[in-house]
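Report on the following structure.
The values are calculated or read from the model by the stated rules, or taken from the named source; none is laboratory data. Predicted, not measured: the structure shown is a model, and the values here were computed from it. Heads up, the Cβs are rebuilt from the backbone with ideal geometry, glycines too, and the neighbour counts pull from every protein chain shown.
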């Protein structure tokens, strides 16, 4: 029985998040700085024989056995199948290293990995650019999710990337030539802490995207776009890498002004304690509201920070140079 498995990394977005929404970049252009990390979504697609009563089966935190596409409750699976006109004969398994709805782009990683697997199931190759483009179509147009255009590209391409979003909708994905020593210095100073709070980015972004459409956030988002260039200059230079942490703190203060839903009194208090224990800067990953808190802290202060935040759990990670790929195929 034919089977294909894809592995797709999730991502950390450092700067420029919010400028990757069409509501902003189609008017002003956008930019983000992000990296894939070594935590993954695995998608298995295999042939489902005609001997079952159902036509499609999807396994994730629940099992869906359905006869039509419209019965599928998980939207990115339903619409990815619809996009490729696959209406029967597949069994799909979705497994992730980390919880969804935590700011790591897990949903987009799932969409990218599924589209790659479905094309592979049909014996078709698909490029990183094309699978990202299709994932954006599924999420933004077919589902109508409040998502930007960076997650799909980072998850598809992998690596440390400078993404640029043009006024005409074109997306440029640039690989940055940072030295391994510089990236190692950065990696040693990053800590990813799980708040234990899973949130719905679609709901958190409601106010922010209304304000983006109305142009009320143009000033803040313009500054956030400029921070991308400043961060690239820091990582490509030889100055103190501490400046990257200081820029993260600037971005934290600015992001909190985008919407009342970005943070909360509890999260603000967590961040204040982190700063008191040695964190130079940090950010809530993704839309905010919970999920993972990324902190920049000098290596000698890591234990101090863990003691100051006993209610949070650290997740060790590394940068992932590769994007979505097929790791198993059996005809």
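Does any residue of region 286-293 turn out to be in a strand (DSSP E or B) and on the phi < 0 side of the Ramachandran plot?
Within region 286-293 (the criterion being in a strand (DSSP E or B) and on the phi < 0 side of the Ramachandran plot), the answer is yes, since at least one residue qualifies.
Scan region 253-271 and tell me whether some residue there is in the same structural domain as residue 194 (by TED's automatic domain parsing), over 21 Å from residue 197 (Cβ atoms) and surrounded by 14 or more Cβ atoms within 10 Å (Cβ to Cβ).
Scanning region 253-271 turns up at least one residue that is in the same structural domain as residue 194 (by TED's automatic domain parsing), over 21 Å from residue 197 (Cβ atoms) and surrounded by 14 or more Cβ atoms within 10 Å (Cβ to Cβ).
Which of the residues that make up region 75-104 are in a loop (DSSP other than H, G, I, E, B) and farther than 15 Å from residue 42 by Cβ?
Scanning region 75-104 gives 84, 85, 86, 87, 88, 89, 101, 102, 103.
What are the residue pairs meeting all of these: first residue in region 223-241, first residue farther than 9 Å from residue 16 by Cα, second residue at pLDDT below 95, Cβ atoms under 7 Å, and 6 or more apart or on different chains?
Partner pairs satisfying both residue conditions: 232/176; 235/178; 236/178.
Need the failing condition index for residue 292 against (1) more than 30 Å from residue 47 (Cβ to Cβ); (2) in contact with a helix residue (DSSP H, G or I) (Cβ under 9 Å, 6 or more places away or on another chain); (3) buried (at least 21 other Cβ atoms within 10 Å of the Cβ), just the number.
Here residue 292 clears every test but (2).
Consider residue 238 against the criteria (1) more than 20 Å from the chain's Cα centre (by Cα); (2) closer than 16 Å to residue 196 by Cα: it satisfies all of them except one. Which criterion is unmet?
Here residue 238 clears every test but (2).
Could you say whether any residue in region 316-330 is at pLDDT below 95, crowded, with 16+ Cβ neighbours inside 10 Å and under 19 Å from the mean Cα position of the chain (by Cα)?
The answer is no; no qualifying residue exists.
Could you check residue 133 against (1) free of Cβ contacts under 8 Å to residues at least 60 places away in the same chain; (2) in contact with a helix residue (DSSP H, G or I) (Cβ under 6 Å, 6 or more places away or on another chain) and say which number it fails?
(2)
When you go through 50, 91, 71 one by one, which is the residue that is crowded, with 17+ Cβ neighbours inside 10 Å and over 23 Å from residue 154 (Cα atoms)?
One residue alone meets the criteria, 91.
Where in region 115-221 are the helices (runs of 4 or more DSSP H), entirely inside, with at least 3 residues that are surrounded by fewer than 23 Cβ atoms within 10 Å (Cβ to Cβ) and modelled with pLDDT of 95 or more?
It comes to 128-136, 180-187.
Collect the residues in region 250-270 that are touching a helix residue (DSSP H, G or I) at 6+ places or on another chain (Cβ under 8 Å), in a helix (DSSP H, G or I) and free of Cβ contacts under 8 Å to residues at least 60 places away in the same chain, keeping them in residue-number order.
The answer is 250, 252, 254.
Only one of 8, 19, 102 is farther than 28 Å from residue 223 by Cβ and in contact with a strand residue (DSSP E or B) (Cβ under 8 Å, 6 or more places away or on another chain); which?
Result of the check over 8, 19, 102: 8.
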